[in-house]
Structure formats: structure tokens, C-alpha cells
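The structure appears below as C-alpha cells.
The values are calculated or read from the model by the stated rules, or taken from the named source; none is laboratory data. These numbers come from a predicted model, not from an experiment. Note that we place each Cβ from the backbone using ideal geometry, even for glycine, and neighbour counts take in every protein chain shown. Only protein heavy atoms, including side chains, enter the accessible area calculation; ligands, DNA and RNA are left aside. Shrake-Rupley method; radii C 1.70, N 1.55, O 1.52, S 1.80 Å.
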Amino acid sequence: MNNMTLYVSRDSPVHRVDPMTKLLFVFISITSTYILSDHLAVLGILLFTFFILLIGKVFKSILPVIGVSFLLIASIIIVQGFFHPDRATVLFEIGPIAIYKEGFLIAFLITLRVVNMVAAFGVLILTTKPDDLVEALLQKGLSPKFGYVLLSVLQIIPQMVALTGKITDAQRARGMETEGGIWMRFKSFLPLLGPVVLNSLTETRERSIALEIRGFNAKGNRTFLYERKNYRYSVPFRIALIAFFLAVIAWRVIS
Amino acid sequence: MSVLRVVNLKYKYPDSHRFALNDISFTVEKGEFLGIVGMNTSGKTTLCYALSGLVPHFFKGAYGGDVYIGDMDVLSHEISEITAKVGLVFENPFLQMTGAKFTVYDEIAFGLENQGVPRDVMHERIRESMKLLDIEGLQGKNPFSLSGGQMQRVAIASVIAMQPDVLILDEPTSQLDPEGAEEVFRVVEKLADEGMTIIMAEQKMEKLAAYADRILLLYDGKLIEDGKPEEVFSREDLNEFGVEPPVYVKISRALGLRNEMSGLYPISLEQMPTERDIQFHPVTKTNNGNTTSELIVRDLHFGYEKGQDVIRGLNVTLSGEPIAIIGQNGAGKTTFVKLLKALLKPDTGEILLNGAPLSETTAAKLASRIGLIFQNPNDQIFKHKVIDEVMFGPLNIGQTGEEALANAKEMLALVGLADKADENPYDLSLAERKMVAVASILAMDTDVVIFDEPTMGQDVRGKSKVQEIIHSLHEKGKLVICILHDMDFVADTFGRTIIFSNGGMLFDGPTREAFAQEEALRLARVEQPNITKLVQRLGYDRIILRATELI
Ligand SMILES: Nc1ncnc2c1ncn2[C@@H]1O[C@H](COP(=O)(O)OP(=O)(O)OP(=O)(O)O)[C@@H](O)[C@H]1O
Ligand SMILES: [Mg+2]
């Protein structure tokens, strides 16, 4: 986080793939899991995404995010397992609560999809420098306004972390206890929330002045500091991805 | 044709009742270096915004009159068209960073990419501007992990690289070490010689007097005078507008050194006579003998990243009279005081407050004993009402609501912001925000008060307020530690000075001796105070610290 991006600087084949190809991968990986409803197939796609993360040496970095989304996942399982309208077969019982098989299967599928979505975005965000990604999109003709909105979305988490650090410093410098056990941290979390949200709004406005004053909205042709080396395998990769996607659609239509 | 023409410009910020700019007219020719002077809130920053199109395009409000850049009027053109010709360096460098790039090198490139500058030219210009501002060593660093002064250099470089027709700088040297400030003036003068038009708001009158071709004097949104530096700075009523003339004018006035022909005073060191009989009576600050808290630092080491020590083995005892810390940008001064405040944890070594190690306590528990005013007030302020901000600390350290409110009000009055208690700090000027930060620490009545560049962006009145505050804290038996880049202020206010360089101390002792350490001063990239330089030019080989010592 020191660099204030989510990007993890490593030397890996995944890092070398060009941003557009990775973007295509994210799109296809996610939509495929929604087109398919076969558990095994979706699991396969998820495992493949994990595999890419492993090659990219960033698998560890995705775990906390999956951990956080687990709260969401757990609630899906409970709600679906409990209340799914087609419930018929009791899968197992926890005390008085019965979890039904139909609901559970659906919940399981949704879980796989959510985890895959998180992991697929992870492939893109953890292995691509945010400015490279935006630049690639700008080169493709995306409007700069949209490009920097996207960038600030990508930067939300690190920016919040940085801002939180600053405000915590300001608060503890003036006597608000923030160090210590879990309870202490939890107690100091609430008074942090308001300032972080409001200050990040101010900061966003300030950044937009900074961008504006450096002419990011200029109409003329823009140039780029670094020459993009054409990634050698981007064409075969993209063809493979699209072929896979077509196969997924075909399978769906047939079955 | 003039490069810049302002005709009857009037402007009011939204929700404000007074004109921030009130009927201002002037023109600027190509290659001129125009200085803007005026007290805080006189409208300098707003004028800079108006010349660069931020007013009225970003800051709405009531706008009248015209601003022409060449033949383009600002009102009916978009910001992107204006920025193609006009570059603006903000007062607070933090606001200049786009956040779109992750190294200093790329950050400087950002504007050039938008302008469509060809790649090889781009690399060339980036290198050149980094060289001018002496930041080549920082090119791979993240802009947000720089010291205040380093960031200010990057901000200037990023605008200079765009080679605008008109370059507007709003107090661009407020956080620079003295050498760095001198360099910026030299660079800007060179650019003006090459045909760039320069407009600079500044509080460093000696520098403006030496470098600017013309000076605008602003007061309460009005243009009081537009004239040659000699003329403006020789005005007898200058102080009424909250502006102090260069120290040379003050001395010359006292010594009666007026040019017979023009009736004007010399305004720069070069214009002063080289020999002159004067009487000195040096005053040594006497320590009032109050005992204060004591901070002992032993073999302190710290680095933000492994293997790169920013603080390299400091040993020092801090107690007694107020202490000034001076030294170059990035030397580690801010880092050092954050360690004293336990906001950062030492890698090795220890810090003792009255004999008790800091490592056994937390920043929050220290809050009632050590107060630190942050360098960038934006890092310190997080509430949306001035009074809430000032009351935050007192409430945390156990004052009752009433006590805290009374304290907060008293401190706001002390820093001159009593009437802004209910405003949002974000609507105040940078200098005012700094004062809010000062008040919010003073209200906690701590035994140790540490200021990180309190005079940054302050006008004469603000500076003398800070000076009074430091004196009265000392009177009350508090330990005051102060980081500064303003050597005149250091000479006038502090008995003890520490020269800091590269994470260590080059000198620690009486201020008068500190300013005699030529080698140490050079290494730490600081200068002697203006008055000291003057006395040496007059042919005396002694260190004089205050104007009152020689008249
Ligand atoms: N948060 C940070 N992360 C990494 N490096 C940092 C961070 N803050 C400061 N540094 C680096 O540590 C060094 C010392 O910085 P510091 O802010 O202490 O300098 P300073 O003496 O206060 O300078 P200035 O006069 O410009 O305020 C600098 O080289 C700076 O780039
Ligand atoms: Mg500093």
C-alpha cells in the first residue's frame, strides 16, 4: 500500500500481458460464470482464475478481499438455504434450523460466481498499474473524463486508506486513543467514518482542479510518455478468450 | 499587444458579502516579472485564480469585468484553452498533485501528455525542469511521500515543464529552504529573460525587491499601487496595508539613506552602500530561568523504508528556551518532530520525556503534554467547523464542554480568527487554516509545543502573532520547538538554533553562533538572515540578528 495503489509490483508473465487483454479476460471470465449454471463448469472457471492469480504471484493479496466478501457470501448461503421457494430436501440441520438442498445449491453457485468475480478483477487490478490501464483505454479513444473517473474508482481503496491514516494521526495527536486492542480500534472507527467520507469528497474536488489546471481535458491530440511495447501474445490470447466465450454461449444454447 | 490585460475585474465568492477582488485593472507585457504583495486575505490567491481561469470557471460567484490572455477572454473560453497558455502553481503544493501518476517523473509528464508534446521533447523537458528545481534524485518517488518542500519543487517543475506563455506562482517558496527559494527566483528570472511572463505572489519582500520588474500592492481586494519595486517599497504608509518593506528599506530609513534625486530608498543588498559607520548594541536573549519539560533523545534512528534511514543517530537534549530547527528540504525535520510526538516509532534509540520513555505510552496519552502543529494544516484539520476543530483536542484530554469552548474561543481570538469560529475551515485561506491548526493545539495547554513551519504563508502581522505566541508560551514555562525556513524570524525570536542536515545535526547552540557557521549553513542549504548579510556588507565582521541591534 506504500505506493498508494492496489497494484502489486512483481515480475510475472501475467504482469506482462497488456491491459486490454486482461480487461477482456475479466469480462469473459465473469460473464461466462453467469451464462453457465453448471456447478462444475463454474468451479472450473474459478479454479482457472485462481491459477492465473498464482502465476501472477498475487494470490495471497486476493485472500483478504475474498475474506471480506465472505460475510456477504455467508449471508447468501443462509438466506438461500433457508428461504428458497423450492425447498424440499433437507440437506442438514443445525439445531432447529434446516438448510435445504435446493437453496444451498443455488447459494453455492452464487458464491462461486462472486468469488470468481472478485478474483477476476484481482487479476486485472493487482497486476496492472492503474495509470497503465487508463492510458491503454485513452489510447483506444476513451474520453479523458471517463478515464480519470475510472482511475479514481480504482484508487478509492488506497486513497481511503491513506486518508484514514492521516485523520487517525490528526486524532491521536490530539488525544483520541486509537492504538490498542480490538475494542479500542472498533471504538475509534466510528468517529473516523464521517471525516473520512467528507474529506474524501473535498479531496476529489481538489484533485479535479489539479487535473483541470494541467489541461487533462484539452481537445487536441495527446501523446504518451512511454511507448507501449506491443505485447507479443495478445492476439493469440484474445482469440483464445473469444473462442472460449463462443463455446460457452454455444453450450448454453444447446443444453 | 499586452500578454495579459485585466479590466475592472470584480469578483465575489459564492455566499460571501465582500468583494474578494474589487475593480482591478492592469496590463502585463511579454517577459515581465510582476510581483504581487499584500497581507493575508488581501486577494492575492483569488487574483491568481482569476488570471488562470479557475475564477470564474471553477469557483462560481459574482464576476464582473474582463481578463484577457493575449486576445482570448477568460470568461468565454474553457479552462483547457486557458491552461494551454497560462500555468498556475498553487500555494499548497499538495493540491497540485494530480493523483493520476505514481512517480515524480510521470507526474511532471502529465501536463505534457495532455498538451500533445512529442515523446523525445517530453523527456528532455522533464529532465530540464527537474534539474532546475534540483529534484533529479526524487524522480522515482511517489509524489505523495515527499516532504513539503520537495513537493513544492515538484509542483513548480510540473508547471514550468509545460512552458506556458504566462506563469503564475502563488507563494511558490513558502516551504522551501532558503537556498531553494533563491534558486526558484533565479530560475524564474531566467525564464522571464527568455520571454515567459511571470506573475508571482510572495511574502518574501527582499527577494521580490531584488528580482521583480514591477509590484502590485493589493489591499482588501483593491489595487492600491502598481509601480516599480523602489516606489512601492518606499511608501511611508506601506505598513498600513499589512506589508512590511524589505529590511534594507527599514534600515535605510532609520539611517536616512535616501536617494537624493528620486527620494526613494535602496531596496536590495546590492543597492546598499558598502561602508558606513554604525553603532551596535547586540542584545542577548536571556533565558527567563523557567524550568520546562525536558526531552532527551538518544541515538535515534528511523526510516520510512527498510535500509533508508531518514534520521541517522540523533543525540540531543531539548529543554529551556525556545529552540529553532533549520535545514534543507527533506533533511528529516518533520520526521524528527513526529518521532518526538510518538506518531512514528523509532527503529532504534529512545526518546525520554521528563525521564520516562515515550515507547511506553501512546500518541494519544501524550496529547495532554506534547502538542504538535502539523506542517500542512490540511493534514491536521478534519472537522467542518472551525470551533469544533479547535475544541476537539481539549475535549479529548478531559476538559469539560464549557472549559473547552472557553479555551477554544480564547485561542481563536489570540490567532485573530474570533469571527471565523462558525465557518468551514476549507473556506479559509491557507494562512488562516494554519492559524486554526495553531489554535487547536494551544487550546490543549500542553507542556511542550512543537511548531512545524508556523510562519508558512503568513504576512507580517501573522508572523508577529506567532512570535508573540512563542514568547508567551516561554513565559508560561513551556518548552517550544519550532521548525522554520525563515531565517530573519529565527534570528529575531530564538536563542538556540539547531542546524539539521541529512537526518543529523550539524550544529546545536546559540543562534548567534549558528549563523556564524558558514560551512554548516552551506551544507544545510540555509542562509544568514538578511540583516546579518547587510551588516557584513556594510563592512563589519560580526553577526547581528535584529534590526534593533544596530540603530
Ligand atoms: N510518508 C513518507 N513515506 C516515505 N518517505 C517519506 C515520507 N515522508 C517523508 N519521507 C521522506 O523522508 C525524508 C525526510 O522528510 P521530512 O518530511 O522529514 O523532511 P523535512 O526536513 O521536514 O523537509 P521540508 O523542509 O521540505 O518540510 C524525505 O526524503 C522524504 O522524501
Ligand atoms: Mg517538513
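Computed values, structure above
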{"read-out": "Failed condition for A:P191, given (1) at the interface with chain B (Cβ under 9 Å from one of its Cβ atoms); (2) in a helix (DSSP H, G or I)", "value": "(1)"}
{"read-out": "Pick from the stretch B:27-42, criterion open to solvent by 10 Å² or more (accessible area, probe 1.4 Å) and in contact with a strand residue (DSSP E or B) (Cβ under 8 Å, 6 or more places away or on another chain), ranking: farthest from B:H77 (Cα to Cα)", "value": "B:M39"}
{"read-out": "The stretch B:219-233 residues that are outside any strand (DSSP E or B), paired with ones that are acidic (D, E) (beta carbon under 7 Å, 6 or more apart)", "value": "B:V232/B:E225"}
{"read-out": "Helices (runs of 4 or more DSSP H) wholly inside the stretch B:108-193 containing at least 1 residues that are more than 10 Å from chain A (Cβ to nearest Cβ) and over 30 Å from A:P158 (Cα atoms)", "value": "B:119-132, B:178-193"}
{"read-out": "Of all residues in the stretch B:308-353 being among the hydroxyl-bearing types (S, T, Y) and more than 11 Å from ligand 1 (Cβ to nearest atom), the one that is farthest from the chain's Cα centre (by Cα)", "value": "B:T348"}
{"read-out": "Residue within the stretch A:106-128 that is assigned to a loop (DSSP other than H, G, I, E, B) and under 14 Å from the mean Cα position of the chain (by Cα) present", "value": "yes"}
{"read-out": "Helices (runs of 4 or more DSSP H) lying entirely in the stretch B:440-551 (those with 1 or more residues that are over 22 Å from B:Y248 (Cα atoms))", "value": "B:460-475, B:511-514, B:518-523"}
{"read-out": "Residue selected from the stretch B:376-391 under the condition touching a residue at least 60 places away in the same chain (Cβ under 8 Å) and open to solvent by less than 10 Å² (accessible area, probe 1.4 Å), by the criterion nearest to the other protein chains (Cβ to nearest Cβ)", "value": "B:Q380"}
{"read-out": "Which numbered condition B:A406 fails, given (1) more than 20 Å from A:G175 (Cβ to Cβ); (2) more than 9 Å from every other protein chain (Cβ to nearest Cβ)", "value": "(1)"}
{"read-out": "Criterion (touching a helix residue (DSSP H, G or I) at 6+ places or on another chain (Cβ under 8 Å), surrounded by 15 or more Cβ atoms within 10 Å (Cβ to Cβ), touching a residue at least 12 places away in the same chain (Cβ under 8 Å) and away from every other protein chain (no Cβ under 12 Å)) met by exactly one of A:L126, A:L133, A:L151", "value": "A:L126"}
{"read-out": "Near pairs, Cβ below 8 angstrom, 6+ apart or cross-chain, from the stretch B:325-340 (within 9 Å of B:N502 (Cα to Cα)) to any residue that is basic (K, R) and more than 7 Å from ligand 1 (Cβ to nearest atom)", "value": "B:G327/B:R525; B:Q328/B:R525"}
{"read-out": "Test: residue in the stretch B:280-302 that is within 16 Å of ligand 2 (Cβ to nearest atom) and surrounded by 13 or more Cβ atoms within 10 Å (Cβ to Cβ)", "value": "yes"}
{"read-out": "Residue list for the stretch B:360-375, filter: without any contact (Cβ under 8 Å) to a residue 24 or more places away in the chain and within 12 Å of chain A (Cβ to nearest Cβ)", "value": "B:T361, B:T362, B:A363, B:K365"}
{"read-out": "Yes/no for B:G140 being in contact with a Pro (Cβ under 9 Å, 6 or more places away or on another chain) and either open to solvent by 10 Å² or more (accessible area, probe 1.4 Å) or over 19 Å from B:I126 (Cβ atoms) (or both)", "value": "no"}
{"read-out": "Where a residue in the stretch A:57-68 is open to solvent by less than 50 Å² (accessible area, probe 1.4 Å) and its partner, wherever it lies, is hydroxyl-bearing (S, T, Y), with Cβ under 9 Å and at least six apart", "value": "A:V58/A:S12; A:V58/A:T127"}
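Yes/no per residue for (1) within 14 Å of chain B (Cβ to nearest Cβ); (2) of a type in the set (F, W, Y):
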{"residue": "A:R172", "(1), (2)": "yes, no"}
{"residue": "A:R185", "(1), (2)": "yes, no"}
{"residue": "A:V197", "(1), (2)": "yes, no"}
{"residue": "A:F224", "(1), (2)": "yes, yes"}
{"residue": "A:Y231", "(1), (2)": "no, yes"}
{"residue": "A:A250", "(1), (2)": "no, no"}
{"residue": "A:S255", "(1), (2)": "no, no"}
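For (1) within 14 Å of chain B (Cβ to nearest Cβ); (2) within 16 Å of the chain's Cα centre (by Cα); (3) outside any helix (DSSP H, G or I); (4) on the phi > 0 side of the Ramachandran plot, each residue gets a yes or a no:
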residue	(1), (2), (3), (4)
A:V8	yes, yes, yes, no
A:K22	no, yes, no, no
A:F25	no, yes, no, no
A:I28	no, yes, no, no
A:Y34	no, no, no, no
A:L40	no, no, no, no
